Amino acid sequence: MAARRLDGSGLRQWAHTAVADLISHTEEINQLNVFPVADADTGTNMLFTMRAAWAQADAADTGDDVTGVAAALADGALRGARGNSGVILSQILRAIAEVTAAAADDRAGVLSDISGPLFSAALRHAVTLVVASMGQAVPGTIVSVLHDAAAAAEDAVSDQADLAEVVAASTRAAASALDRTPSQLDVLADAGVVDAGGRGLLVLLDALSATVTGHITRRAVYRPAPSKAHVGTTPTATATRSSPSFEVMYLLSDCKPDNVERLRVRLDELGDSIAIAASGFGEPGETGETGRYSVHVHADDAGAAVEAGLAVGTLSRIQITALSGGADRLPIGSWDRQRAVLAVVDGDGAENLFTGEGAEVLRPTSDVPVSAQQLLHALLNTGAAQVMVLPNGYVAAEEIVAGCAVASDWGIDMVPVPTGSMVQGLAALAVHDPDRRLVDDGYTMARAAAGARFGSVRVAAEEALTWAGTCKPGDGLGVAGDEVVIVGDDIASAAAGLIDLLLAAGGELVTVLTGDGVGPDVGAALADHVHRKHPGTEMVTFHTGHRADALLIGVE
């Protein structure tokens with residue numbers, strides 16, 4: 001197969017392949033994790049970080065601009081960095097972004113792809129950035145593997161090799177350097193493992209090689225050596241060392257450059273595994289302007305670690321995780337929690353309503369139905385291994401099917417609940433129980449949705465003949481089952497008729513969701529109608545602010 005250019009689409013393809021490969025290798029990498037703390041999460045953290053990078057690059061409106069895609073990858077990684085290894089990975093992606101941006105500037109803003117020399121320069125720059133973020137280089141870690149990969153790339157460039165040959169040379173050198181890590185770091189030798197971060201880097205380089213050359217490298221699984229690893233447990237050679245209790249991470253902004261070293265000194269007093277990585281874009285300059293950083297530390301006093309950041313800037317995305325050795329972590333797939341509900345909703349009021357009930361939300365960006373790609377991004381953002389999806393009429397069936405297939409490839413169990421309207425979605429959400437088995441939860445939610453009969457009311461735009469008679473512009477149209485069943489003088493009268501029709505088969509609760517531009521007088525008139533015509537039936541109204549239909553009505 002002919003070598004592929006590493007242009008914008010090539011970078012996106014590499015990120016996608018890297019995420020898929022990290023999913024496959026997460027468990028393997030986690031089992032190698034003994035340094036700096038044996039918390040079995042290096043693979044998980046690298047996957048989270050790379051997934052955040054890919055999601056941002058895939059969603060970015062940069063087209064095939066290689067500098068734009070590289071910048072999006074770097075920014076996404078910095079924002080989504082997890083753990084020490086995630087911070088390091090963010091700096092590798094930052095190096096690619098900075099080198100490509102500089103090359104584009106040298107060429108009057110025109111850069112079609114990343115060549116062999118540019119890739120080599122990016123690896124060398126990555127070594128500098130990683131060491132700067134960690135404060136020092138520890139032999140036998142991912143830094144050693146990255147260093148050897150960069151050196152091999154430089155040698156290949158000097159021999160006039162093309163990009164595919166440079167990538168292949170750096171990958172071979174990384175593999176050899178990884179095999180040597182136990183001889184460089186006693187904790188690895190004692191546990192009988194290679195460095196976990198270095199193994200993760202090799203996965204990324206293998207993915208890049210596959211993207212550029214089309215050739216997939218098959219490697220034996222790296223496992224703890226039976227003669228040295230602890231039987232039946234995650235190998236650890238740090239049992240005699242008192243490990244900090246918490247991993248603390250946050251994004252730090254509005255921080256002046258001279259305060260970064262002050263923060264590092266304070267964190268060094270509180271714990272270890274310190275990493276402070278700059279964004280690289282909008283970097284503070286000589287004028288003392290502030291910058292943005294990803295901060296990581298292992299410490300016993302998590303509160304003090306957070307306070308140290310507050311003393312020098314503004315914090316966001318604060319994450320505090322107990323370092324429990326990985327025993328309580330979710331299995332492969334690397335998720336924050338076991339289950340979540342994702343509801344597709346329209347309107348600010350709808351978002352507040354569903355999030356108030358514990359759901360994550362995805363809002364359509366236009367009148368075009370939600371795509372499988374948008375659905376995948378939202379699934380990833382839930383941070384859950386299992387996701388109950390409430391499409392609520394905003395996702396076409398074929399997109400749901402495609403979303404299920406892609407989610408499965410990414411290690412997510414997606415369960416679509418057949419909800420044709422937000423009122424059905426509310427009924428399903430009300431019976432969601434994350435402690436139930438996945439299949440039981442899905443079945444129960446589907447039954448609740450099916451038990452909620454629903455319709456909508458919209459305003460007629462022109463004169464037309466409907467199943468319920470002729471309508472004129474401004475009339476209210478009650479719609480059920482995709483057909484107009486009620487024609488009224490206004491939306492309130494049409495809604496009253498539709499409620500009567502829906503309650504003909506019985507019901508105890510009427511839910512009315514009012515859309516954009518609908519005033520509270522409509523809800524009040526309908527509440528009075530239900531009270532007079534249907535004694536004993538309860539009615540609730542929520543202003544969701546959705547577009548298109550004026551009202552959404554459900555009966556349970």
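A compact table of results
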{"quantity": "Helix axis angle, 372-382 relative to the chain longest principal axis, alpha carbon, degrees", "calculated": "70"}
{"quantity": "Global geometry of the stretch 102-195, whether rounded, prolate or oblate, following the gyration tensor of its Cα atoms and the 1.5 cut on a/c", "calculated": "oblate"}
{"quantity": "5 angstrom amide H check on Ile114, placed H, neighbours 5+ away", "calculated": "Leu6, Asp7"}
{"quantity": "In order through the stretch 53-59: 3J(HN,Hα) via Karplus (6.51 cos²θ - 1.76 cosθ + 1.60), integer Hz, x for Gly, Pro", "calculated": "5, 4, 4, 5, 5, 5, 8"}
{"quantity": "Principal-axis tilt of helix 520-533 within the chain, Cα atoms, nearest 10 degrees", "calculated": "50"}
{"quantity": "Contour minus Cα-Cα distance for Ser366 and Ala524 (0.36 nm per residue)", "calculated": "53.9 nm"}
{"quantity": "Burial ranking of peptide ranges 432-444, 192-204, 544-556 (average Cβ count within 10 Å, highest at the top)", "calculated": "192-204, 544-556, 432-444"}
{"quantity": "Rounded accessible area of Arg292 (nearest 10 Å², 1.4 Å probe)", "calculated": "60"}
{"quantity": "Sequence-distant residues sharing a close amide H with Arg339 (under 5 Å, placed H)", "calculated": "Ala385, Gln386"}
{"quantity": "The stretch 90-174, relative contact order in percent, only Cα pairs under 8 angstrom and at least six apart counted", "calculated": "32"}
{"quantity": "0 to 90° range, to nearest 10: angle between helix 438-450 axis and the chain longest Cα axis", "calculated": "30"}
{"quantity": "Dipole magnitude (debye, nearest 20) for the chain, charges at Cβ of Lys, Arg, Asp, Glu", "calculated": "1200"}
{"quantity": "Residue-averaged [θ]222 nm for the chain, counting only DSSP H segments that reach four residues, each worth -39500 (n - 2.57)", "calculated": "-16000 deg cm²/dmol"}
{"quantity": "Förster-model FRET efficiency, 51 Å R0, Ala450 and Asp186, C-beta, rounded to 0.05", "calculated": "0.25"}
{"quantity": "Val479, Val540, ranked by accessible area, largest first (probe 1.4 Å)", "calculated": "Val540, Val479"}
{"quantity": "Cβ-based charge dipole, the chain, positive-most Cα from Val66, Leu201, Leu129", "calculated": "Leu201"}
{"quantity": "Farthest positive-ward along the chain dipole, Cα basis, beta-carbon charges - from Trp410, Leu498, Leu429", "calculated": "Trp410"}
{"quantity": "Solvent-accessible surface (1.4 angstrom probe) belonging to Met445, in square angstrom, nearest 10", "calculated": "0"}
{"quantity": "Per-peptide average of other Cβ atoms within 10 Å, ordering 400-408, 76-84 highest first", "calculated": "76-84, 400-408"}
{"quantity": "Nonlocal amide H pairs with Val415, under 5 Å, H built at 1.01 Å", "calculated": "Val387, Met388, Val389"}
{"quantity": "Loop-located GluC sites (Glu not before Pro) in the stretch 355-462, at most 11 other Cβ atoms within 10 Å (DSSP)", "calculated": "Glu462"}
{"quantity": "Probe 1.4 Å, all protein chains present, accessible-area order of Asp489, Asp39, Asp348, largest first", "calculated": "Asp489, Asp348, Asp39"}
{"quantity": "Accessible area (Å², 1.4 Å probe, nearest 10) - Val187", "calculated": "20"}
{"quantity": "Note, ³J(HN,Hα) from phi for the stretch 337-342, Karplus 6.51, -1.76, 1.60, rounded to Hz, x at Gly and Pro", "calculated": "8, 7, 9, 8, 10, 10"}
{"quantity": "Mean-position separation - Cα centroids, the stretch 188-223 and the stretch 447-502, in angstrom", "calculated": "60"}
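The values are calculated or read from the model by the stated rules, or taken from the named source; none is laboratory data. A quick note: this is a predicted structure, and the numbers were derived from the prediction, not measured. When we count neighbours, we look across all protein chains shown, and the Cβ atoms used for this are built from the backbone with ideal geometry, even at glycine. What goes into the accessible areas is simple: the full protein's heavy atoms, side chains included, and nothing from ligands, DNA or RNA. Shrake-Rupley method; radii C 1.70, N 1.55, O 1.52, S 1.80 Å.
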